[in-house]
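> Have a look at this one before I ask anything.
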Amino acid sequence: MAKLELKDIRKSYGSVEIIKGIDLAVEDGEFCVFVGPSGCGKSTLLRMIAGLEDITGGTLEIGGTRMNDIAPARRGVAMVFQSYALYPHLTVKENIAFGLKVRKVAADRIEELVSEAVTMLQLEKLTERYPRELSGGQRQRVAIGRAIVGEPETFLFDEPLSNLDAELRVHMRTQISELHERLKRTMIYVTHDQVEAMTLADKIVLLRDGRIEQVGTPHDLYERPQNLFAAQFIGAPKMNIFELTGSFEGLRAAFRLDRSARYCGIRPDSLTIAPDGEGALAARVRLTEYLGNARLVHADVEGHGSVILEQPAGAEIATGSRIALSARRDSIHAFRENGNRIE
Ligand SMILES: Nc1ncnc2c1ncn2[C@@H]1O[C@H](COP(=O)(O)OP(=O)(O)O)[C@@H](O)[C@H]1O
Ligand SMILES: [Mg+2]
């Protein structure tokens with residue numbers, strides 16, 4: 001069993017606190033993604049779980065056992081890094097087997113484990129190659145193979161796909177998802193990419209500046225962002241946010257929003273162009289971007305700035321034209337002055 005529990009976990013470097021009290025449970029077999037902007041503390045938190053960084057305060061439990069002071073090798077975790085960290089002078093097979101040899105696992109057992117991993121990761125034709133003879137995606141598969149053969153209860157991934165080109169990233173993402181399906185082990189995956197978080201996670205942990213902003217399923221974070229930060233971090237293009245003051249007071253009535261609402265958010269695919277010109281917001285089209293399956297329209301709203309809306313690819317919208325925007329009431333997200341969601 002590898003349920004993880006973090007209780008008020010903290011990390012300081014000198015007098016600077018980087019991780020500011022994290023409470024979190026990761027269930028056995030769950031795919032949990034830590035996501036957030038660069039520098040928010042994702043890697044630090046993951047490395048504390050791995051045992052590569054000391055824990056300044058709080059308690060880390062894995063499978064009900066306190067792990068704060070347990071050596072990394074005895075936590076039942078394996079980590080896969082962005083940099084692959086392969087040994088250049090060892091072949092693919094030797095790289096995958098290395099940790100097992102160090103642990104003096106019997107030779108026939110090593111053979112068995114390596115061969116299973118090689119098959120699972122489709123590395124059969126590459127076993128005698130050296131890392132320099134492999135593509136980025138192949139190297140990353142070897143790094144994952146090295147983690148698999150250790151039969152960890154928990155896999156820790158730190159931005160494993162960041163060095164790959166876009167197409168390969170999508171391919172490897174599905175492979176990691178399938179690996180989770182097959183192994184059914186607990187996985188914690190760090191990324192700054194909200195698309196990776198949305199596609200891979202059972203549970204997303206959204207971090208900002210050493211604190212948790214929201215924990216939930218991808219659906220929770222998209223449909224019910226708990227604050228303005230979550231609302232704007234998840235979803236691309238970003239949610240449009242309007243402050244309900246001055247000339248935008250009118251939106252409060254138009255969308256029948258509560259008095260406590262200070263901001264309202266509307267996703268680009270929820271904003272529509274009112275055919276009769278009678279919309280809640282007047283805007284002028286600045287430019288449009290054709291994406292094949294959709295068209296993104298960037299429009300200026302006086303006193304607010306730019307908004308983005310997503311239209312069907314075939315929509316004919318001339319640059320410079322005036323449009324009126326509206327949205328369905330049930331697609332509106334409302335937030336208080338402190339940024340927290342209402343309802
Ligand atoms: N060894 C260190 N000494 C001092 N500050 C550090 C150290 N490692 C990381 N930090 C700081 O901790 C913060 C979080 O870093 P990190 O966990 O790497 O962020 P992320 O992985 O989310 O990009 C950053 O502000 C970084 O500068
Ligand atoms: Mg990092």
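> Within segment 1-21, track down each residue that is more than 12 Å from ligand 1 (Cβ to nearest atom) and assigned to a strand (DSSP E or B).
L4, E5, L6, K7, D8, I9, R10, G21
> For D276, work out the one condition from (1) assigned to a strand (DSSP E or B); (2) farther than 25 Å from R336 by Cα it doesn't fulfil.
Every condition holds for D276 apart from (1).
> Out of all the residues in segment 231-254, which are of a type in the set (A, V, I, L, M, F, W, C), under 18 Å from R329 (Cβ atoms) and open to solvent by 10 Å² or more (accessible area, probe 1.4 Å)?
Selection gives I241, F248, A253, A254.
> Here's something else I'd like to know. Within segment 147-174, track down each residue that is modelled with pLDDT of 90 or more, under 27 Å from A73 (Cα atoms) and away from ligand 2 (no atom under 16 Å from the Cβ).
A147, I148, V149, G150, E151, P152, E153, T154, F155, R173 - these are the residues of segment 147-174 that are modelled with pLDDT of 90 or more, under 27 Å from A73 (Cα atoms) and away from ligand 2 (no atom under 16 Å from the Cβ).
> Among the residues of segment 61-74, what is the count of those that are in contact with an Asp or Glu (Cβ under 9 Å, 6 or more places away or on another chain) and either farther than 23 Å from G14 by Cβ or within 16 Å of ligand 1 (Cβ to nearest atom) (or both)?
Number satisfying all stated conditions: 5.
> Check T91 against each of (1) of a type in the set (S, T, Y); (2) away from ligand 1 (no atom under 16 Å from the Cβ); (3) under 20 Å from F155 (Cα atoms) and name the one condition it does not meet.
(3)
> Would you mind stating whether R211 is within 16 Å of ligand 1 (Cβ to nearest atom) and among the charged types (D, E, K, R)?
yes
> Looking only at segment 187-223, count every residue that is among the polar types (S, T, N, Q) and either farther than 27 Å from S12 by Cβ or open to solvent by 60 Å² or more (accessible area, probe 1.4 Å) (or both) and tell me the total.
Number of matching residues: 3.
> Applying the selection to segment 1-56, what residues are over 17 Å from T186 (Cα atoms), away from ligand 2 (no atom under 16 Å from the Cβ) and among the β-branched types (V, I, T)?
The answer is I9, V16, I55, T56.
> Same structure, new question: Pick from G64, G41: which is over 25 Å from the mean Cα position of the chain (by Cα) and on the phi > 0 side of the Ramachandran plot?
Going through G64, G41 in turn, just one is over 25 Å from the mean Cα position of the chain (by Cα) and on the phi > 0 side of the Ramachandran plot: G64.
> Kindly indicate which of D220, D269, D258 is more than 16 Å from ligand 2 (Cβ to nearest atom), part of a loop (DSSP other than H, G, I, E, B) and at pLDDT 95 or above.
After applying the criteria, what remains is D269.
> State all residues of segment 69-114 that are under 22 Å from R185 (Cα atoms), aliphatic (A, V, I, L, M) and in contact with a Ser or Thr (Cβ under 8 Å, 6 or more places away or on another chain); if no residue qualifies, say none.
Selection gives V77, A78.
> Can you find a residue that is closer than 23 Å to A197 by Cα, open to solvent by 20 Å² or more (accessible area, probe 1.4 Å) and within 9 Å of ligand 1 (Cβ to nearest atom) anywhere in segment 22-36?
no
> Right, something else. Filter segment 79-94 for residues that are more than 29 Å from H192 (Cβ to Cβ), open to solvent by less than 60 Å² (accessible area, probe 1.4 Å) and either at pLDDT below 95 or not β-branched (V, I, T) (or both) and give the result.
The answer is L90, and nothing else.
> Out of the residues in segment 50-78 meeting the condition of being free of Cβ contacts under 8 Å to residues at least 40 places away in the same chain, assigned to a loop (DSSP other than H, G, I, E, B) and of a type in the set (A, V, I, L, M), tell me which one is surrounded by the fewest Cβ atoms within 10 Å (Cβ to Cβ).
A71
The values are calculated or read from the model by the stated rules, or taken from the named source; none is laboratory data. What you are looking at is a predicted structure, and each value in this text was computed from that prediction instead of being measured. FYI the Cβ positions are ideal-geometry reconstructions off the backbone, even for glycines, and counts take in every protein chain you see. Each accessible area value is taken on the protein alone, full model and side chains, heavy atoms only, with ligands, DNA and RNA left out. Shrake-Rupley method; radii C 1.70, N 1.55, O 1.52, S 1.80 Å.
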